1. Hey, any hits in region 52-61 for a residue that's in a strand (DSSP E or B) and under 20 Å from the mean Cα position of the chain (by Cα)?
2. Among residues belonging to region 22-38 that are within 17 Å of Thr276 (Cα to Cα) and of a type in the set (Asp, Glu), point out the one that is surrounded by the fewest Cβ atoms within 10 Å (Cβ to Cβ).
3. Do you know which of the residues in region 259-271 that are in a strand (DSSP E or B) and in contact with a Lys or Arg (Cβ under 9 Å, 6 or more places away or on another chain) is farthest from the ligand (Cβ to nearest atom)?
4. Just for strands (runs of 3 or more DSSP E) wholly inside region 87-174: which have at least 2 residues that are closer than 30 Å to Pro45 by Cβ?
5. Select from region 9-20 the residues that are open to solvent by less than 80 Å² (accessible area, probe 1.4 Å) and over 20 Å from Leu49 (Cβ atoms) and list them in ascending order.
6. Among the residues that make up region 238-254, is at least one of them out of contact with any Phe, Trp or Tyr (no Cβ under 6 Å at 6 or more places or on another chain), more than 15 Å from the ligand (Cβ to nearest atom) and farther than 16 Å from Gly13 by Cβ?
7. Please state which of the following conditions Phe102 fails to meet, knowing it meets all the rest: (1) modelled with pLDDT of 95 or more; (2) crowded, with 22+ Cβ neighbours inside 10 Å; (3) within 14 Å of the ligand (Cβ to nearest atom).
8. Would you point out which residue out of Asp59, Asp87, Asp51, Asp111 is surrounded by 15 or more Cβ atoms within 10 Å (Cβ to Cβ), under 30 Å from Ser280 (Cβ atoms) and among the charged types (D, E, K, R)?
Amino acid sequence: MGAVFEPIKPYIGSIVHVSKDEMFTEEVARQCREMLDERTVLVFPRANLTDAEQLAFTDLMGARVDFTTRQKANQTAAEDVYQVTLDKKINRQPEYVLGTFFWHMDGITVDMPPPKASLLSARKVAAKGGQTEFASTAAAYDHLPEAEKAELKGLRAVHSVAASLSPIADAIPEEDRERVTSIGLVKEHPIVWQRESGRTTMVIGTTADTVVGMPVAHGRALLHRLTEWAAQPDFSYRHQWEEGDFVVWDNTAAMHRVIPYDDTGRMMHRTSVAGTEAVS
Ligand SMILES: [Fe+2]
């Protein structure tokens, strides 16, 4: 019978009801790929996947990619699985995780198309905080007034890790600051992304620093306004994690962020599906 998709909010999110027996079939994978394009976030409650199962599902969704090799230290998960944790024994650069407290897209400052999908399993949830929020940049663009859409046409933003870490720069130990903020590339992307699917999404979030050809303050104000617009309740969804939950989202059509949490052992296992569309 395949998977059954239950909408969470009008413009974002579906809960996926599927048995573990069927989850790894090509038919269900095809349904999920389609629904990911339509709904942006897919939630598999209490799926309790092993790394091997998560990787198998990742492979069914597209080509596996790992764009974070340099941040790993003493990883205790399978190859190609990135552990999101504040535990310094595992993640040598917890600043990266602090940076995820702010709206962002994954893989925007690396030299490859942004990952199509990010897949996250909750291995251990935070005692407090740690919910993940998703904001649909597709719904956000669709609902912009036509005059604002026209104003965005052709605009390009400059993205960097330094920009994404600027809200927490003074929380990074001074001796590490230069090294940490210089990771990644400085990349210019159009704000409006016309997709092969016919949809339009936006490339925004804390990596976006300035708008080309605009005074710095004007550009930053515009980027802030677009981010706030996309984050409004109608276009966003907050996931309250339960242990074993598995969430897949379209990284090319959404920003995400985590509600701040302390290191009480929260552990998420992330895999990624390579993007096939360069931002253009
Ligand atoms: Fe992220």
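1. Scanning region 52-61, I find no residue that is in a strand (DSSP E or B) and under 20 Å from the mean Cα position of the chain (by Cα), so the answer is no.
2. Glu34
3. Initial filter on region 259-271 (in a strand (DSSP E or B)): 267-271.
Pick out the ones that are also in contact with a Lys or Arg (Cβ under 9 Å, 6 or more places away or on another chain) and you get 267-269, 271.
On the way: Met267: 15, Met268: 10, His269: 13, Thr271: 12 Å.
Once the filter is applied, the top-ranked residue is Met267.
4. Numbers: elements: 117-124, 132-136, 156-159.
Hits in region 87-174: 117-124, 132-136.
5. Once the filter is applied, which keeps residues that are open to solvent by less than 80 Å² (accessible area, probe 1.4 Å) and over 20 Å from Leu49 (Cβ atoms), region 9-20 yields Lys9, Ile12.
6. yes
7. (2)
8. Working: Asp87 fails: under 30 Å from Ser280 (Cβ atoms); Asp51 fails: under 30 Å from Ser280 (Cβ atoms); Asp111 fails: surrounded by 15 or more Cβ atoms within 10 Å (Cβ to Cβ).
Step by step, each of Asp59, Asp87, Asp51, Asp111 is checked, and only Asp59 is surrounded by 15 or more Cβ atoms within 10 Å (Cβ to Cβ), under 30 Å from Ser280 (Cβ atoms) and among the charged types (D, E, K, R).
The values are calculated or read from the model by the stated rules, or taken from the named source; none is laboratory data. If you're wondering where the values come from, they're calculated on a predicted model, not measured in any experiment. For neighbour counting, all protein chains shown are included, and Cβ atoms are generated from backbone atoms with ideal geometry for every residue, glycine included. In case anyone asks, the SASA skips ligands and DNA or RNA and just uses the protein heavy atoms, side chains included. Shrake-Rupley method; radii C 1.70, N 1.55, O 1.52, S 1.80 Å.
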